[in-house]
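Laboratory data are not the source of any read-out in this text; all were calculated from the coordinates shown. Being a predicted model, the structure only gives us computed values, none of them experimental. We place every Cβ from the backbone using ideal geometry, glycine too, and count neighbours over all the protein chains shown.
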Amino acid sequence: MIFTKITFFVDINIDIAEVSISLDQVDIINVNVWDKAIVTFDAYPSIDVVAKVSNINTTPTSTSWVVTYAVKLILNDSSF
């Protein structure tokens, strides 16, 4: 399991409880579709939301020599 602090969400889709995050190239090699994830929100730090990786974009984004990949997570609505 990869532990990474995401300071912002690229996209939030409330209709299907999906969030998009960015993972750097070091962490992405350890992530697979349908892997379990735990999502926490700064506004609710005591609540852990269970999620699963639904998509990993294979096209990297590079900003200031940092390579990242977009990852979509589907939140388990029974977690909140």
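A compact table of results
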quantity: Distance between modelled label sites at F41 and N57, nm, 7 Å Cα→Cβ extension; calculated: 2.3
quantity: Other-chain or far-sequence residues with amide H under 5 Å of S54's (modelled H); calculated: W34, K72, L73, I74
quantity: Added length on full extension, which subtracts the Cα-Cα distance from 0.36 nm per residue, W34 to V67; calculated: 9.6 nm
